[in-house]
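In what follows, a single structure is set out as structure tokens and then discussed.
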Amino acid sequence: MDRFLVKGAVRGLTGESEGEQTRGGPAGVGEEEGNSRKKPRRAAPGNGVDSARPNWRHIRAEGLDCDYTVLFGKEEADEIFQELEKEVEYFTGALARVQVFGKWHNVPRKQATYGDIGLTYTFSGLTLSPKPWIPILERVRDCVSLVTGQTFNFVLVNRYKDGCDHIGEHRDDERELAPGSPIASVSFGACRDFFFRHKDSRGKHPCRRLSVVRLQLAHGSLLMMNPPTNTHWYHSLPVRKKVLAPRVNLTFRRILPATK
Ligand SMILES: O=C(O)CCC(=O)C(=O)O
């Protein structure tokens with residue numbers, strides 16, 4: 001999973017490129033959202049999740065297809081967040097650092113990976129196995145599967161201690177994702193801005209000028225990033241110095257078994 005190495009490098013350099021902005025409005029989809037409509041999905045039979053009738057917002061732009069809902073009510077989201085804070089073991093040492101143009105930097109957040117036994121992925125040039133699933137991650141994964149009908153064999157956990165921790169613009173590497181599979185992003189803790197930028201609208205002299213799609217990812221929320229979103233759009237979690245509280249994000253993925 002070379003993307004972790006590549007993303008770490010790119011994120012470390014580009015994450016601060018967005019100026020700090022203050023914006024009103026409720027948590028959820030920002031004002032540059034595309035068409036918004038309810039999208040009914042499978043009903044969840046009394047599992048305590050706020051998803052019995054998930055109130056989906058469908059976010060569309062050219063080549064972007066995302067669904068957003070608040071999956072867990074505050075009480076359950078608080079409980080899950082506390083459990084994640086207790087149970088998740090994050091990378092330390094070399095795995096928490098990234099080399100950019102020969103210079104070592106700390107990754108500006110904490111990371112961990114969990115998944116099915118037997119899976120391997122590449123991280124910082126090393127072939128690693130994710131840690132085996134722990135109950136709290138299985139619980140969230142299973143809730144997401146229940147409301148989306150999708151299955152996942154891997155999760156990347158990102159912990160942002162405050163608004164200084166961030167993730168720079170990147171696309172998730174489709175090569176290691178099972179073709180046609182979505183990425184399910186579940187957030188707990190501080191509400192943070194989250195941006196999508198079209199690949200043709202990046203840099204100083206973009207060849208096209210598509211609007212940035214701005215979301216706010218609330219405590220207990222689920223963002224489904226469906227194909228082909230990651231082919232055309234980069235995403236980032238910019239620095240927000242006014243945010244003082246921590247946030248934990250889980251991106252559930254279906255990755256292909258390693259080829260020998
Ligand atoms: O923390 C987030 O919301 C974003 C995480 C992310 O971009 C990723 O895992 O690829």
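Quick notes on this structure:
- Average accessible area per residue (Å²) across the stretch 118-260 - probe 1.4 Å, nucleic acids and ligands excluded: 39 Å²
- Computed from backbone phi, the HN-Hα couplings of the stretch 59-73 come to 10, 10, 8, 4, x, 10, 9, 10, 10, 10, 8, 8, 7, 10, x Hz, rounded to whole numbers (Karplus: 6.51 cos²θ - 1.76 cosθ + 1.60, θ = phi - 60°; Gly and Pro given as x).
- Sequentially through the stretch 95-110, phi angles give Karplus couplings (6.51, -1.76, 1.60; θ = phi - 60°) of 6, 9, 10, 9, 9, 10, 6, x, 10, 8, 10, 6, 5, x, 4, 9 Hz, Gly and Pro residues having no value and appearing as x.
- For the peptides 204-211, 101-108, 251-258, 116-123, the ranking by mean Cβ contacts within 10 Å, running from highest to lowest, is 251-258, 116-123, 101-108, 204-211.
- Flagged links, alpha-carbon separation over 18 Å, of Lys110/Lys131; Lys74/Lys110; Lys110/Lys161; Lys161/Lys241: Lys74/Lys110
- Cα shape, the stretch 121-194, gyration tensor, a/c 1.5 rule: rounded
- Under-5 Å amide H pairs with Val107, H placed in peptide plane, nonlocal only: Arg97, Val98
- Computed from the Cβ-Cβ distance with R0 of 35 Å, the FRET efficiency linking Asp142 to Ala245 stands at 0.85.
- Residue list for the stretch 107-149, given a label point 7 angstrom along the Cα-to-Cβ vector of Asp173 and an amide N cut-off under 11 Å: 121-127
- Once all protein chains are placed together, Glu89 keeps about 110 Å² accessible to a 1.4 angstrom probe.
- Amide H contacts under 5 Å for Phe91, placed H, 5+ residues apart: Gln111, Ala112
- Using the Cβ of Asn153 as centre and a radius below 14 Å, the other residues enclosed give a net charge of 0, where K and R count +1 and D and E count -1.
- Cα extents of the stretch 57-253 along the three principal axes, largest first (Å): 46, 43, 38
- Radius of gyration and Dmax over the Cα atoms of the stretch 176-257, both given in Å: 14.3, 41
The values are calculated or read from the model by the stated rules, or taken from the named source; none is laboratory data. None of these values were measured; they are calculated from a predicted model. Neighbour counts are summed over all protein chains in view; Cβ atoms, including those assigned to glycine, are modelled from backbone coordinates with ideal geometry. Ligands, DNA and RNA are stripped out before the accessible areas are found, and what is left, the full protein with its side chains, is counted by its heavy atoms. Shrake-Rupley method; radii C 1.70, N 1.55, O 1.52, S 1.80 Å.
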